[in-house]
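Working notes, structure below.
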Amino acid sequence: MNKSIAVLTSGGDAPGMNAAIRAVVRTGIKNGWDVYGVRNGYQGLINGQFERMTTRDVGGILQRGGTILGSARCLEFTTVEGRALAIRNLNQRGVEALVVIGGNGSQTGAYELNKMGFPVVGVASTIDNDLVGSEITIGVDTALNIALEAIDRLKTTASSHQRAFILEVMGRKCGYLALTAGLAGGAEAITVPERETDPEQIAETLRMSYEHGKNHALIVAAEGADYNAAKLTEFFKEHRDRLGFSVRSTILGHVQRGGEPGASDRILASRLGCGAVQALVRGEYGVLVGLNQNKVTTTPYEEIVGKTKELDSDLFELARLLD
Ligand code: ATP
């Protein structure tokens, strides 16, 4: 009998997840294994939503955003009973190992499942880039480019009206996206959850930019920063007279997750998806597959779960230097 594995996508969707599914399915099948796709993340694992996948089932999905398997947040899976149900469903189908494509929460769930004796390998996929164990995660590059496109458009309209724009990007706990979008987009100021914001200093930067004749200004704010778009707007309302610019804000929201994955994410996802199957071939599980120093690596869950990647201080300083 062939060995069987299953693959699921969990948590927030990220552009490139489909390329990772494709890589897992095709590498698994080439290895002589049966591969099942699980619908809607951990919820599907509990509900028993398994589908046998063929090489053809994952044809034409490389360029598609989102995830063909669907994703979900699942409270039940955080309980021992929920995970026991998931293991029962996996065992009933003869599935011997699971590949979990997802972010921090999903990998914590995978770790818990693995601790209960079911072999799991994780694939680092989240637009937050907050996972320890992978320098870059699937979806980040595409999300960053979407944010950048929005910045470039906002700058055009801002210049015509002498406006300052606040652009809020995703990042509840992690400011990576705000920092890199701000750096690449030439923002005057960036706010992130990991650093305290001095709104007075931002107001001063805007005032000086205006006085130096700049015809627009840009602030990129992470949604989880102490001063996100709403908080900054509130603050600037009270300091309108001294800013020079009139201020507008845009929240990019879920637009960042949509769209087709770029080349980098397709390649990264293909490498990590294939890396997950190769780990299983080696008999390795209880690990996260990630990219470090341009090599596909595995890191034991014990070393990554419960941690969040720190903000790159050098990048933060660089963004400040160039504002
Ligand atoms: P992203 O942050 O990119 O949106 P994520 O993977 O971090 O993705 P979460 O919503 O944090 O998304 O987690 C996804 C799912 O993982 C949860 O709905 C839950 O089912 C499972 N999960 C999260 N934390 C745990 C935990 N401590 N134990 C078991 N399962 C968990």
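Just a few scattered comments:
- Kyte-Doolittle mean at least -0.5 and Cα axial length at least 24 Å: DSSP H helices in the chain: 140-161, 263-281
- Between Lys30, Lys155, Lys173, the residue with the greatest mean-square fluctuation in the GNM of the chain (Cα pairs under 10 Å linked by springs) is Lys30.
- Gaussian network model of the chain, Cα within-10 Å springs - most flexible of Asp130, Asp34, Asp312: Asp312
- Note on Arg282 and Asp152: their simple-model spin labels are 3.9 nm apart, each label 7 Å out from Cα toward Cβ.
- Helical content of the chain, expressed as a calculated mean residue ellipticity at 222 nm, amounts to -12500 deg cm²/dmol (DSSP H runs of 4 or more residues, -39,500 (n - 2.57) each, divided by residue number, nearest 500).
- Cα centre as origin, Lys/Arg/Asp/Glu Cβ charges: segment 1-68 dipole, Debye: 200 debye
- Dipole magnitude for segment 88-224: about 420 debye, using +1 per Lys or Arg Cβ and -1 per Asp or Glu Cβ, origin at the Cα centre.
- For segment 129-172, backbone nitrogen atoms closer than 19 Å to the point 7 Å from Lys237 Cα along Cα-to-C-beta are found at 164-168.
- Between Ala147, Tyr227, Leu179, the Cα set farthest toward the positive side of the dipole of the chain (charges on each charged residue's Cβ, about the Cα centre) is that of Ala147.
- Looking at segment 222-294, the trypsin sites (Lys or Arg not before Pro) that sit in a DSSP loop and have at most 14 other Cβ atoms within 10 Å of their own Cβ are Arg282.
- Size of electric dipole in the chain: Cβ of Lys, Arg +1 and of Asp, Glu -1, about Cα centre, debye, nearest 20: 1240 debye
- Inter-probe distance in nm under a simple model that places probes 7 Å from Cα toward Cβ, at Asp312 and Lys173: 2.1 nm
- Accessible area of segment 1-147 belonging to carbon and sulfur atoms, whole % at 1.4 Å probe: 48 percent
- When the Cα positions of Thr55, Ser106, Ala124 are compared along the charge dipole of segment 47-146, Thr55 comes out farthest toward the positive end, with charges on each C-beta of Lys, Arg, Asp and Glu.
- Set of lysines near Lys155 by C-alpha distance (under 19 Å), chain-local residues within fewer than 8 positions excluded: Lys214
- When you restrict to C-alpha pairs under 8 Å that are six or more residues apart and normalise by the size of segment 57-159, the relative contact order lands at 16 percent.
The values are calculated or read from the model by the stated rules, or taken from the named source; none is laboratory data. From a predicted model like this one, the values you see are computed outputs, not experimental measurements. In this analysis, Cβ positions are derived from the backbone assuming ideal geometry, glycine residues included, and neighbour counts consider all displayed protein chains. With ligands, DNA and RNA removed, areas are computed over all heavy atoms of the protein, side chains included. Shrake-Rupley method; radii C 1.70, N 1.55, O 1.52, S 1.80 Å.
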